[in-house]
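Taking it in order: structure first as structure tokens, then the write-up.
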């Protein structure tokens, strides 16, 4: 799938069907489109394939007639991912009069206030990197909100489902942190190659803003990852404690049922007993003894529990 855009009055707008654009976006290109990119635009085959590889690291390469950049971006989240936030790669190939962007899925690229005053193709490239950083920050906020919701559920949970969801979020943060740090290295390389890229003072100013945002994003990811990792043991202990409380309650119920059962069983054995079974009060006497034994058990258990609480305090 191919989309074409052009810069009009400082904005990136999509061209009408049949018109050529300065910016060409390829979304999950097929073999025919890849062949076109390799033969007509002379893209490096390895770089092209790396652009579509989610495990590829960010990098900057200078080719004879263009500049190739690969950086990481957060993949769109869906309910099928089960709390796993994934990372994808994105490729930008900057020519003198054309910008080629390669993506694995269709996303909105040129939206938001970041693309209100675009001046050049290089400017678009810098803003794409900045948009990726903002996208990461939005996902980090979403992860933080999901974490707060899961924490409340874990406090009363008896199973490990929510705890496993937190493990998945921790894994996502590790991937995000690696991707953000990889992008930070790319931004540093771009800054060191400012003269080679013929960057204007405005480009350098924008790049400084992107650098600051990238560092803040990385710091935020580190904080969230550290908090989750340090509190996983405590949350696991909460689940175990809830299970222990449930088992204790079940044991009390089982023992409470066994005491009157024992009384009825004693009076049901086929041996001589000192009571007359034909007496009209025999049933009520046995039932009363069963109730008294149950109340005695509950009284002793309550007294023991109170003593345990006072000894701990």
(message) Take residue 152 and tell me if it is under 21 Å from residue 72 (Cα atoms), surrounded by fewer than 15 Cβ atoms within 10 Å (Cβ to Cβ) and either in contact with a helix residue (DSSP H, G or I) (Cβ under 6 Å, 6 or more places away or on another chain) or assigned by TED's automatic domain parsing to the domain that holds residue 237 (or both).
(response) no
(request) Mind telling me which of the residues 161, 171 ends up being touching a residue at least 40 places away in the same chain (Cβ under 8 Å) and farther than 24 Å from residue 209 by Cα? (result) 171
(message) residue 212 - would you say it is loosely packed, with under 14 Cβ neighbours inside 10 Å, within 24 Å of the chain's Cα centre (by Cα) and closer than 30 Å to residue 63 by Cβ?
(response) yes
(message) Take residue 255 and tell me if it is out of contact with any strand residue (DSSP E or B) (no Cβ under 9 Å at 6 or more places or on another chain), closer than 30 Å to residue 167 by Cβ, modelled with pLDDT of 75 or more and outside any loop (DSSP other than H, G, I, E, B).
(response) no
(request) Go through the range 169-189 and give me each residue that's more than 13 Å from residue 71 (Cα to Cα) and surrounded by fewer than 16 Cβ atoms within 10 Å (Cβ to Cβ). (result) 171, 174
(request) All but one of (1) exposed (fewer than 13 other Cβ atoms within 10 Å of the Cβ); (2) under 24 Å from residue 80 (Cβ atoms) hold for residue 97, so report the exception by its number. (result) (2)
(request) Answer with yes or no whether residue 175 is in a helix (DSSP H, G or I), at pLDDT below 90 and within 14 Å of the chain's Cα centre (by Cα). (result) no
(request) Among the numbered conditions (1) exposed (fewer than 13 other Cβ atoms within 10 Å of the Cβ); (2) modelled with pLDDT under 90, tell me where residue 166 comes up short. (result) (1)
(request) Quick one: in the range 53-69, of everything that is in contact (Cβ under 8 Å) with a residue 40 or more places away in the chain and in contact with a strand residue (DSSP E or B) (Cβ under 7 Å, 6 or more places away or on another chain), which residue is surrounded by the fewest Cβ atoms within 10 Å (Cβ to Cβ)? (result) 54
(request) Among the residues of the range 20-35, count how many are more than 23 Å from residue 190 (Cα to Cα) and either surrounded by 15 or more Cβ atoms within 10 Å (Cβ to Cβ) or touching a residue at least 12 places away in the same chain (Cβ under 8 Å) (or both). (result) 8
(request) Tell me, yes or no, whether the range 190-202 has at least one residue that is in contact with a strand residue (DSSP E or B) (Cβ under 7 Å, 6 or more places away or on another chain), part of a helix (DSSP H, G or I) and either modelled with pLDDT under 85 or surrounded by 13 or more Cβ atoms within 10 Å (Cβ to Cβ) (or both). (result) yes
(message) Being loosely packed, with under 14 Cβ neighbours inside 10 Å, in the same structural domain as residue 168 (by TED's automatic domain parsing), at pLDDT 90 or above and more than 29 Å from residue 161 (Cα to Cα): is that true of residue 205 here?
(response) yes
(request) Hand me the list of strands (runs of 3 or more DSSP E) wholly inside the range 1-111 holding 2 or more residues that are in the same structural domain as residue 195 (by TED's automatic domain parsing) and modelled with pLDDT under 90. (result) 2-8, 11-14
(request) Give just the number: which of (1) outside any helix (DSSP H, G or I); (2) touching a helix residue (DSSP H, G or I) at 6+ places or on another chain (Cβ under 7 Å); (3) modelled with pLDDT under 85 does residue 118 not satisfy? (result) (3)
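The values are calculated or read from the model by the stated rules, or taken from the named source; none is laboratory data. Quick caveat: nothing in here was measured; it's all calculated off a predicted structure. Reconstructed Cβ throughout: ideal geometry from the backbone, glycine too, with neighbour counts over all protein chains shown.
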